[in-house]
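Reading through the structure tokens given below for one structure.
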Amino acid sequence: VQLQASGGGLVQAGGSLRLSCAASGLIFGIRATRWYRQAPGKQRDLIASISTGGTTYYTDSVKGRFTISRDNAKNTVYLQMNSLNHEDTGVYYCNGYISPGREFWGQGTQVTVSS
């Protein structure tokens, strides 16, 4: 499984970005796709996920601002991010979860929110 994350960039506070995570390879076993964020000097934290059945999860800090969705025809998961603030700055990684101990990571995409 290969995951390609894209869509990051520099945006002003209050702005929006849409991240994409495109999967290729043996993707049929992926049970959930997750987005993680790693802020400077901090650990990598789970911020949103979507299962193959469409069940979503959001960490409290992004609820109401971020939306995770999937396009099965394109094997792509999106993270729409609105009302961005400085605390959203970081490297965003997508993760494909198959089972405990079996998961795959994309290369990360940088999001920088300027005030």
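The values are calculated or read from the model by the stated rules, or taken from the named source; none is laboratory data. Treat the numbers as computed from the prediction; the structure is a model and nothing was measured. Positions of Cβ are backbone-derived with ideal geometry, glycine not excepted, and every protein chain shown enters the neighbour counts. These accessible areas exclude ligands, DNA and RNA; they are computed on the full protein's heavy atoms, side chains included. Shrake-Rupley method; radii C 1.70, N 1.55, O 1.52, S 1.80 Å.
Worth pointing out:
- For the options Arg102, Arg31, Arg70, a Gaussian network treatment of the chain with springs between C-alpha atoms closer than 10 Å singles out Arg102 as fluctuating the most.
- Distance in nm between pseudo-label sites at Thr112 and Arg18 (7 Å out along the Cβ direction from Cα): 2.4 nm
- Computed FRET value (nearest 0.05) for Trp105 with Asn85, which takes r as the C-beta separation and R₀ as 35 Å: 0.85
- Restricting the chymotrypsin sites (Phe, Trp or Tyr not before Pro) of the range 1-90 to loop positions (DSSP other than H, G, I, E, B) with no more than 10 neighbouring Cβ atoms within 10 Å leaves Phe28.
- Given charges at Cβ of Lys, Arg, Asp, Glu: the chain dipole, positive-most of Gln4, Ser49, Asn72: Asn72
- With both labels modelled 7 Å from their Cα along Cα-to-Cβ, the Gln43 to Ser6 distance reads 3.3 nm.
- Ordering of 82-91, 9-18 by packing [mean C-beta count within 10 Å, highest first]: 82-91, 9-18
- Probe 1.4 Å, protein heavy atoms only - accessible area per residue of the chain in square angstrom: 53 Å²
- Projecting the Cα atoms of His86, Thr33, Gly108 onto the charge dipole of the chain, computed from C-beta unit charges around the Cα centre, puts Thr33 farthest toward the positive end.
- Only the Cβ atoms of Lys and Arg (+1) and of Asp and Glu (-1) were treated as charged; on that basis the dipole of the chain about its Cα centre amounts to roughly 160 debye.
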